[in-house]
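What follows is a set of notes on a single structure, which appears directly below.
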Amino acid sequence: MSETRNPESAARAASQQRPIFHTLNDLFLSVAAGNRPSVLSYQNQHGLWQPLSSAQLYQRVRALAAAFQRWGIQRGDRIGILSENRWEWPVTDFATLALGAIDVPIYPTLTSDQIADLMRDSAARILVVSTRAQYDKAAAIRSQTALEHVVLMDDSDCPADAVAFSSLVADADSRGSQRDPSFDALVAQARPDEVATLIYTSGTTGEPKGVMLSHGNIASNINIATHEYDINSSDSCISFLPLSHITARALDYHLFSYGASIAYCPQFDKLPVTMKQISPTVFVGVPRIYEKIRQGVEQKSGASPIKKRILGWAVNLGASHREAIFSGRTPASPLWKLAQKLVYSKIREAFGGRVRLFISGGAPLGMETGNWFGSVGIHVMEGYGLTETSPVIAINSPVISRMGSVGRVLPGVETTLAPDGELLVRGPSIFLGYWQKPEATRECISPDGWFSTGDIARFDDDGFLYITDRKKELLKTSGGKLIAPQPIEGRLKANILVAHAALVGDKHKYISVVLSPNFAALEAWASEHGVVAPTRRELVADPRVVDLYGAIVAEVNKTLANFETLKRFRVVAEEWALDTGELTPSLKLKRRVITQNYAAIIAEMYADEATSRGA
């Protein structure tokens, strides 16, 4: 045989035993009954990793819920969570749900004014914040809201008008494994049709809307989305994607349900160190994370001609074994084993060295990125869903997958395509509607329950789902040609010198692109080629740099139909990021922001459109 299968897979899959969850409170009670020494871990103020047992989780949730009760919180009341990923996040989440209240997760990157909008719209009575900086944002807008209490997780500098989180759970751990029957009975009262959480969409295309997800919506997804994955209590994962996003939060729920351990990483820049310290077995990231790791590998190898040749050899060799990798088999050829020792294992070390399940979601992964990782022995399994679908609609798995697709639709979820190709979905995970926006709800959910995803899709003959683009993001030239920007942008980003690309040209004669460089790679290239520029603005304007990116665009154009080709481009002096406002928390482009910020540059590319062919 030329390939071998993982002998532990069948045994691990057979060991998976989970109850059926009807509510998120069922999940919490299941975790609390697990008698496990470490359900999650976190770093203390000295940087040491500390475990939190199932008993400690239960007692801290119980204590915090009791505090909320003393403040008069009742079923249906809203409690905001403004925090990075840390152990207090799930404790606050479970404590809120225990009372039948509704939590409102808020991205820590939002401004005070944005937070005020969400607090007013949700009429939250309590806001639990992580740091003094987050408290200051809340304090600035508190008078504009219905907030009665602000709880601060970091209590070293707790203002007089805030409550220290630690004071609310101070005696919790001393209760040991003692259970409170009356509290358990209260927790068990949750109904599947009750709203569990109010998640505000990121607002990339307009006014943010509060997505109402019920206990039953999310529980139904937990029950089925990962049923083909062999996850159990020996697994571990790092929680670093923002828990305010449904993908990250649902992942935590899934891991809790299997008894796997979760390590909380509150800052993205700490992820590389955390991966080495934790050595997770499960890794879930958005495509941009995988793209940056790939670019880092290529940049590091590019510093040495020998390393660059070795990497190229290994990637080319691995490409011939991709089908085996995507089918869960390990190639047995001597050359593949040599490449594994010299190259592939080193790339795995960037993920901590032990990851066996690589999952991508939140945005399209792209064939170039997926195939590159497959060529270095890593099968990245792509999934697909939305906040409104709790979130997973379809996912590839170790059992059955197809590169380029987002997998097969989950059992119990119905799908169909509208005449224009838009994917419509119906099933138990479809949200209840938008908070206090019945008209917006009617616009996207039909009377017979079909939810319009806004994504253009297709199915292959084997039932695999492919998302080709966002319906609202399709560009239509003045000649009537429809162009999907994401696949083309993905090809551009496959080059190490490109961090982001945004196609423009809706209603114009031709398509153009705005490029945001990977400045670490570009500055290294400039140094090697004698390009001296005091500022980034001067760097991207240098004729040699312009020619460099022109060659990248020209190479991608070779793969496109004539009406799709990028006739003009501009390289900007900024590397787009979440903090600077061009990216969503899942690191997707905020196209509206980009077109506004670069309106003058875009206008310049079309200034002579009437007389030019766009060459």
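Every read-out reported here was derived from the displayed coordinates using simple, explicitly stated rules and does not represent laboratory data. The model shown is predicted, which means the values in this text are computed figures rather than measured ones. So basically every Cβ, Gly included, is an ideal-geometry build from the backbone, and we count neighbours across all protein chains shown.
With an 8 Å Cα cut-off and a minimum separation of 6 or more residues, compute the relative contact order for the range 19-190 in percent. Reported relative contact order: 22 percent.
Measuring from label point to label point, each 7 Å out along Cα→Cβ, what is the Gln299 to Lys481 span in nm? Taking the simple label geometry, Gln299 and Lys481 are separated by 3.4 nm.
One decimal place: the segment Ser333-Ser174 gains 51.6 nm when fully extended, by the rule 0.36 nm per residue minus the C-alpha distance. The H on the amide N of Ile511, modeled in the peptide plane, is under 5 Å from the matching H of Lys567, each at least 5 residues off or on a different chain.
Spatially, the range 503-543 and the range 196-266 are offset by 37 Å when compared through their Cα centroids.
Determine the gain in length on full extension of the stretch Ala33-Thr416; use 0.36 nm per residue of separation and subtract their C-alpha separation, reporting nm with one decimal.
Values: separation 383, 0.36 × 383 = 137.88 nm, distance 4.06 nm.
Extra length available between Ala33 and Thr416 comes to 133.8 nm.
Only Cα sites of the chain enter the Debye sum here, all with the same form factor; the resulting log10 I(q)/I(0) across q = 0.07, 0.09, 0.10 1/Å is -0.45, -0.76, -0.95, listed in q order. Considering only Leu474, Leu432, Val531, and ranking their Cα positions along the charge dipole of the chain that arises from unit charges at the beta-carbon of Lys, Arg, Asp and Glu, the one farthest toward the positive end is Val531.
Here the range 474-605 is treated with +1 on each Lys and Arg Cβ and -1 on each Asp and Glu Cβ, and its dipole about the Cα centre works out to around 700 debye. Of the residues Ser397, Asn495, Gln74, the one whose Cα sits farthest toward the positive end of the charge dipole of the chain, with +1 on the Cβ of Lys and Arg and -1 on the Cβ of Asp and Glu, is Asn495. Give me the Debye-computed log₁₀ of I(q)/I(0) at q = 0.12, 0.17 Å⁻¹ for the range 497-580, equal point scatterers on Cα only, no solvent, two decimals. With one equal scatterer per Cα and no solvent, log10 I(q)/I(0) is -0.37, -0.71. Could you state the number of Å between the C-alpha centres of the range 431-469 and the range 285-346? Computed from Cα coordinates, the inter-centre distance equals 37 Å. The length gained by stretching the chain between Leu48 and Thr595 to full extension, at 0.36 nm per residue less their Cα-Cα distance, is 192.5 nm.
Measuring r between the beta carbons of Thr611 and Lys308 and using R0 = 45 Å, the FRET efficiency lands at 0.50. Note on the chain: with charges restricted to the Cβ of Lys and Arg (+1) and Asp and Glu (-1), its dipole about the Cα centre is near 1300 debye.
Ordering Trp87, Ala63, Leu365 by the projection of their Cα atoms onto the charge dipole of the chain, which places +1 on the Cβ of Lys and Arg and -1 on the Cβ of Asp and Glu, puts Leu365 at the extreme positive end.
For the range 474-605, the relative contact order comes to 24 percent (Cα pairs under 8 Å, sequence separation of at least 6).
Report note on the peptides 253-261, 145-153: ranked by the mean count of other C-beta atoms within 10 Å, highest first, their order is 253-261, 145-153. Taking every alpha-carbon pair under 8 Å whose residues sit at least 6 apart, the chain reaches a relative contact order of 11 percent.
Peptides 557-570, 78-91, 56-69, 429-442 ranked from most to least packed give 78-91, 56-69, 429-442, 557-570, packing being the mean of other C-beta atoms within 10 angstrom over each peptide's residues. Inter-part distance, the range 407-429 to the range 547-615, computed on C-alpha centroids, equals 32 Å. What net charge do the residues around Ser261 carry, taking every other residue with its C-beta under 13 Å from that of Ser261, with Lys and Arg at +1 and Asp and Glu at -1? Taking every Cβ under 13 Å from that of Ser261, the sum is 0.
Calculated mean residue ellipticity at 222 nm for the chain: -10500 deg cm²/dmol, from DSSP H runs with n ≥ 4 weighted as -39500 (n - 2.57), summed, divided by the residue count and rounded to 500.
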